[in-house]
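Following: one structure in structure tokens, then a few remarks.
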Amino acid sequence: MPASESLGLPPDFVWGVSTASYQIEGAVTEGGRGPTSWDAFAHTPGRTVNGDTGDVACDHYHRYAEDIALMKELGVDAYRFSFAWSRIQPTGRGPVNAEGLTFYDRLVDALLAAGIEPSPTLFHWDTPLALEDEGGWVNPDISKRFADYANVLGEHFADRIPRWITVNEPVVLTTLGYGVGMHAPGKRLGFGSLAVAHNLLLAHGRGVAALRAAGAGQIGIANNHAPVWAASDHDEDQQAAALYNALANDLFADPLLLGRYPALLEPYLPDGAGDALAEIAAPIDWYGINHYNPTMVAAPSTDPTALPGSVDGQQLDSGLPFRMVEIEGYPRTDFGWPVVPSAFTDLLTGFRDRYGDALPPIYITENGCSDATGPDATGRVPDTRRVGYTRAYLEALAEAVAAGVDVRGYFHWSLLDNFEWAAGYSQRFGLVHTDFETQQRTPKDSYYWYQELIRSQS
Ligand code: IFM
């Protein structure tokens with residue numbers, strides 16, 4: 001598909017880009033910001049590739065005006081960023097840090113002036129360290145703290161922000177952060193981490209209520225979803241895949257949309273979790289899906305020396321009742337993730353089939369490709385694999401829309417190459433290349449391709 005060919009999407013389809021606070025802002029000790037779980041984790045030897053941290057990242061805290069100019073030139077309608085909770089409340093509770101609000105006032109006002117809709121996420125994994133030290137997302141108190149924080153933001157920004165996202169990818173914080181310890185805070189609670197899932201979902205529900213009470217509208221969530229394929233027809237693999245699917249998909253969508261927890265996971269949830277379902281299922285205006293690739297799952301190996309598999313290219317602990325298997329026969333991104341656009345169509349039509357009328361309009365809140373291509377001798381960044389990936393995934397999205405799925409927008413991950421969590425700066429997802437030595441930004445070929453696509457679809 002040339003960028004100028006129509007995808008047949010609705011005329012008011014929202015085109016956007018996404019980022020997150022700890023991945024781009026830097027300035028971790030400036031503006032009264034309190035430390036977070038990710039500051040502590042990234043500064044612990046051995047936790048991230050090359051010991052990379054988000055201390056400077058893309059220095060967006062100081063360069064946001066330049067980044068907004070890049071977005072304006074790109075032609076996006078909307079920008080998904082995240083508030084750093086610890087800039088607003090340095091210890092996650094109590095008095096508001098005026099300097100933190102001022103930074104986001106400037107950002108929001110500059111976006112509005114550029115004709116770009118601010119679409120913030122309240123929480124994208126950077127838990128204030130003071131709360132983490134009290135148990136973080138295992139401690140049931142945190143959903144109340146989150147509601148207070150949501151209220152502060154709602155009261156301050158409701159009249160300027162047209163679209164809100166409560167929480168980003170609770171599945172990743174639950175499993176990688178508290179289940180197997182590959183992300184902050186580095187805990188290895190196994191299935192004990194389902195308490196984290198519950199507290200994140202409750203924080204979402206209470207956040208929705210707090211935002212609404214403050215007059216905010218158009219509230220959603222950004223949940224990561226992926227079709228789960230069983231490695232074979234054997235019962236053991238089918239069962240392992242069903243359990244993994246309940247954990248990775250249903251656990252985070254069923255409570256919100258159907259008001260119930262998946263039966264397979266009830267034994268692992270904290271006592272009384274069901275009593276909070278009415279709060280968790282507070283109506284939302286739209287549902288955000290982050291999608292990158294499908295997952296293949298098998299039963300654990302009977303070979304005691306075999307490891308169970310990997311997530312994001314990193315090895316998981318043994319002892320889990322499933323293992324991830326490499327998906328063969330498809331191209332891969334630099335992260336090793338398989339490129340399977342048809343799985344995106346299946347995911348979206350599958351959502352419509354499973355949730356029916358309970359499913360509000362969908363926004364794709366993230367989708368993108370790790371491709372390390374850098375500037376060539378002429379300074380151009382020919383990231384053809386990212387262009388190919390994005391084109392194919394947008395065609396797959398358009399197919400789902402043609403099949404009747406109500407998708408209202410697409411936010412590409414990411415505007416800039418940035419701090420990719422445990423992978424540090426080794427994986428690049430940006431439409432714009434970041435030179436992390438000089439902070440020079442260079443739009444890649446994918447940026448110009450996306451620019452032409454946006455122009456031609458409107
Ligand atoms: O960089 C992350 C983002 O923070 C959450 N979703 C997946 C992206 C790529 O790994």
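Does residue 308 fit the bill of being closer than 21 Å to residue 172 by Cα and at pLDDT below 95?
yes
Taking the residues in the stretch 221-256 that are closer than 22 Å to residue 200 by Cα and charged (D, E, K, R) as candidates, determine which candidate is farthest from the ligand (Cβ to nearest atom).
254
Please state which of the following conditions residue 451 fails to meet, knowing it meets all the rest: (1) touching a Leu at 6+ places or on another chain (Cβ under 8 Å); (2) crowded, with 20+ Cβ neighbours inside 10 Å.
All conditions pass for residue 451, except number (2).
Hey, does the stretch 84-97 have a residue that's polar (S, T, N, Q) and either in a strand (DSSP E or B) or out of contact with any Lys or Arg (no Cβ under 9 Å at 6 or more places or on another chain) (or both)?
yes
Please pick out the residue among 46, 26, 94 that is at positive phi, free of Cβ contacts under 8 Å to residues at least 60 places away in the same chain and within 16 Å of the ligand (Cβ to nearest atom).
26
If you scan the stretch 26-40, which residues turn out to be outside any loop (DSSP other than H, G, I, E, B) and over 19 Å from the mean Cα position of the chain (by Cα)?
Correct list: 40 only.
Between residues in the stretch 415-430 that are under 15 Å from residue 333 (Cβ atoms) and residues that are near the ligand (Cβ under 10 Å from one of its atoms) and of a type in the set (S, T, N, Q), which pairs lie under 6 Å by C-beta distance while being six or more apart or on different chains?
Within 6 Å, the pairs are 420/427; 427/370; 429/370; 429/414; 430/414.
Kindly provide the set of residues from the stretch 369-398 that are among the small types (Gly, Ala, Ser) and surrounded by fewer than 23 Cβ atoms within 10 Å (Cβ to Cβ), ordered by number.
Listed by number, the residues that qualify are 372, 374, 377, 379, 388, 392, 396, 398.
From the residues in the stretch 66-83 that are touching a Leu at 6+ places or on another chain (Cβ under 8 Å) and part of a loop (DSSP other than H, G, I, E, B), which one is surrounded by the fewest Cβ atoms within 10 Å (Cβ to Cβ)?
That would be 83.
Can you pull out the residues in the stretch 437-448 that are surrounded by 18 or more Cβ atoms within 10 Å (Cβ to Cβ) and part of a loop (DSSP other than H, G, I, E, B)?
Correct list: 444 only.
Anything in the stretch 417-426 that is more than 12 Å from the chain's Cα centre (by Cα), surrounded by fewer than 24 Cβ atoms within 10 Å (Cβ to Cβ) and within 11 Å of the ligand (Cβ to nearest atom)? List them, or say none.
If the condition is that a residue be more than 12 Å from the chain's Cα centre (by Cα), surrounded by fewer than 24 Cβ atoms within 10 Å (Cβ to Cβ) and within 11 Å of the ligand (Cβ to nearest atom), then 422, 423 are the ones that fit.
Select from the stretch 333-345 the residues that are without any contact (Cβ under 8 Å) to a residue 60 or more places away in the chain and within 16 Å of the ligand (Cβ to nearest atom) and list them in ascending order.
Listed by number, the residues that qualify are 333, 336, 337, 338, 339, 344.
For every residue, the table says whether it meets (1) surrounded by 22 or more Cβ atoms within 10 Å (Cβ to Cβ); (2) under 20 Å from residue 32 (Cβ atoms).
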| position | (1), (2) |
| --- | --- |
| 103 | yes, yes |
| 110 | no, no |
| 115 | no, no |
| 128 | yes, yes |
| 136 | yes, no |
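For every residue, the table says whether it meets (1) over 25 Å from residue 223 (Cα atoms); (2) without any contact (Cβ under 8 Å) to a residue 40 or more places away in the chain; (3) more than 16 Å from the ligand (Cβ to nearest atom).
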| site | (1), (2), (3) |
| --- | --- |
| 90 | yes, no, yes |
| 116 | no, no, yes |
| 121 | no, no, no |
| 124 | no, no, no |
| 159 | yes, no, yes |
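Just to be sure before I move on: is residue 348 crowded, with 21+ Cβ neighbours inside 10 Å and away from the ligand (no atom under 16 Å from the Cβ) in the structure I sent?
Taking the combined requirement at face value, the residue satisfies it.
In the stretch 38-65, what residues are within 17 Å of residue 187 (Cβ to Cβ), surrounded by fewer than 20 Cβ atoms within 10 Å (Cβ to Cβ) and in contact with a helix residue (DSSP H, G or I) (Cβ under 7 Å, 6 or more places away or on another chain)?
40
Could you tell me which residue of the stretch 11-25 is surrounded by the fewest Cβ atoms within 10 Å (Cβ to Cβ), considering only residues that are modelled with pLDDT of 95 or more and over 18 Å from the mean Cα position of the chain (by Cα)?
Here the answer is 12.
From 355, 292, 330, grab the single residue that is at pLDDT 95 or above, in a loop (DSSP other than H, G, I, E, B), more than 16 Å from the ligand (Cβ to nearest atom) and among the aromatic types (Phe, Trp, Tyr).
330 is the lone residue from the list that is at pLDDT 95 or above, in a loop (DSSP other than H, G, I, E, B), more than 16 Å from the ligand (Cβ to nearest atom) and among the aromatic types (Phe, Trp, Tyr).
Looking at the stretch 361-379, I want the residues that are of a type in the set (D, E, K, R) and have a partner that is away from the ligand (no atom under 14 Å from the Cβ) and modelled with pLDDT of 95 or more with Cβ atoms under 7 Å, at least 6 apart or on another chain. Which pairs are those?
Between residues of the stretch 361-379 that are of a type in the set (D, E, K, R) and residues that are away from the ligand (no atom under 14 Å from the Cβ) and modelled with pLDDT of 95 or more, the close pairs are 371/383; 371/385; 376/382.
With (1) more than 18 Å from the chain's Cα centre (by Cα); (2) under 23 Å from residue 10 (Cβ atoms) as the list, and residue 378 as the residue in question, which single condition is left unmet?
Of (1) more than 18 Å from the chain's Cα centre (by Cα); (2) under 23 Å from residue 10 (Cβ atoms), only one is false for residue 378: (2).
Restricting attention to the stretch 232-259, which residues are farther than 25 Å from residue 409 by Cα, in contact (Cβ under 8 Å) with a residue 60 or more places away in the chain and surrounded by fewer than 21 Cβ atoms within 10 Å (Cβ to Cβ)?
If the condition is that a residue be farther than 25 Å from residue 409 by Cα, in contact (Cβ under 8 Å) with a residue 60 or more places away in the chain and surrounded by fewer than 21 Cβ atoms within 10 Å (Cβ to Cβ), then 232, 234, 236, 237, 239, 243 are the ones that fit.
The values are calculated or read from the model by the stated rules, or taken from the named source; none is laboratory data. The structure displayed is predicted, hence computed values, not measured ones. A quick note on method: Cβ atoms are made from the backbone with ideal geometry, for glycine too, and the neighbour counts reach across all protein chains shown.
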